[in-house]
Amino acid sequence: MRRGKQVFSLAFPNAVASPDAAWMEKSESALCVICHSPFQLWTKWKHHCRLCGRLVCASCSPHRAYIDKASKRTCRLCGDVLHMLQALGDARVHSKAGKPSPLFFQQPHPADEYSTIMAISHAALRSDLCYIISASWLSRWLAYVTAGGDHPGAIANHSLLSFHRGQLLPKPDLPLGAYHTIHPDVWKVFQHYYGGGPSISVVGTSKAWNIHLRPTEVFGHCWFPMDDDDNDGVHERPSVILRHLVVTPPLLVVPSTLAARYHKAPCRPRDLDSLPTP
C-alpha cells in the first residue's frame with residue numbers, strides 16, 4: 001500500500017463528506033485513532049478526516065480528496081479504501097497513483113471452468129453463510145461460458161456499493177435484481193479465477209451485508225490469452241445455470257461492517273438513522 005500523499009477526485013452520487021458526518025469531539029481522544037500516538041500542542045496536532053470524522057494526526061492524514069472542487073483532508077484508512085476501489089476499476093475514484101502490478105494467471109477454457117464451478121455447486125453442503133455477487137458481472141460470466149462472450153474481468157461488486165462517511169455501504173437505491181447470492185465454495189472458485197471484490201457475505205437469517213475489502217483479493221489478475229482451437233462451448237441455458245448457482249437472496253439490504261481490515265473510531269451513532277427498519 002502506498003504511504004505517500006495521494007490526491008483523489010471523487011464522484012459518488014451521495015455526499016461522501018456530508019455535513020452530518022459523525023465527527024469525533026476533540027475531547028473524545030487524546031490519541032490519534034490510527035497510530036495511537038498522543039497529540040501534542042506544538043508537535044502533533046489534532047485533525048479531523050473530512051470523510052469519516054476520525055481524530056487523527058498529520059502523519060495519519062496525508063491524503064486529500066476533491067469533492068465538488070473542494071480539497072478535503074483524508075486519513076490513511078479512507079485513503080486505503082479509495083485506493084483499492086480505484087484498483088478494482090471503480091470509475092467514481094480517480095487519482096494519479098498507478099495501479100499495483102497484477103498477478104499473471106492462466107485462465108482455463110470456459111467449458112472446463114464451467115464444469116468445475118457447477119461440480120462444486122452441486123456438491124456443496126448447505127451453509128448459513130452466502131456471498132453477494134453482482135448480477136451484471138454474473139451475466140457477463142454466463143455470456144462468456146455459454147455464448148463465447150468477452151472475458152468478464154475481475155468481479156465488480158464495487159458497483160453495488162457506495163463510500164459514505166468513511167464506510168463502504170450498499171447503495172441506498174439498490175434494486176434487488178442487482179445482485180445474486182451464491183454458496184461460499186462457489187465464491188471461492190470465482191475469486192480464484194477472477195479476483196476483484198469486495199467480498200460481501202451474509203450469515204444465517206441476518207440480512208446484514210458484511211463487507212470486506214482485502215488487498216489480496218483486489219490486486220488481482222491479468223489473464224493470459226487461451227488457445228481457442230477447441231471451440232466447444234457450454235450448451236446449457238443461462239437461466240438453468242443460474243438456478244443451480246443462486247441461493248435465495250436476502251430481501252433487505254442493511255449495511256453491517258466497514259471493510260474488515262479497518263476499524264471505525266467510536267463516533268456518534270447517527271449514521272443509520274436514514275435506513276429502513278426491518
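Bear in mind these aren't lab numbers, they're just calculated from the coordinates by the rules spelled out. Every value quoted in this text rests on a predicted model; they were computed, and no experiment measured them. Quick reminder, even Gly has a Cβ in these numbers, built from the backbone with ideal geometry, and neighbours come from all protein chains shown.
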Once the dipole of the stretch 7-95 is set up from charges on Cβ (+1 Lys and Arg, -1 Asp and Glu), the residue from the list Pro13, Ser71, Val81 lying farthest towards its positive end is Ser71
For Phe8, other-chain or 5+-apart residues with amide H closer than 5 Å (H placed, Pro excluded) are Arg64, Ala65, Tyr66
Inter-part gap, Cα centre of the stretch 150-174 to Cα centre of the stretch 19-78, in whole angstrom, is 25
Output for the stretch 7-95 (equivalent-ellipsoid semi-axes, sqrt of 5λ from the C-alpha gyration tensor, Å, descending) is 25, 14, 10
Row for the stretch 120-173, column shape: gyration tensor on C-alpha, a ≥ b ≥ c, rounded if a/c < 1.5 i.e. under 1.5, prolate if a/b over b/c, else oblate; value oblate
Cross-link reach from Lys188 to lysines, straight Cα distance under 22 Å and at least 8 residues apart if same chain, gives Lys207
Full extension between Asp68 and Leu174 adds, at 0.36 nm per residue less the Cα distance, a length in nm of 35.8 nm
Computed for the stretch 7-95: size of charge dipole around the Cα centre, +1 on C-beta of each Lys and Arg, -1 on C-beta of each Asp and Glu, debye to nearest 20, value 280
Burial-style ranking of 176-186, 69-79, average other-beta-carbon count within 10 Å with highest first, yields 69-79, 176-186
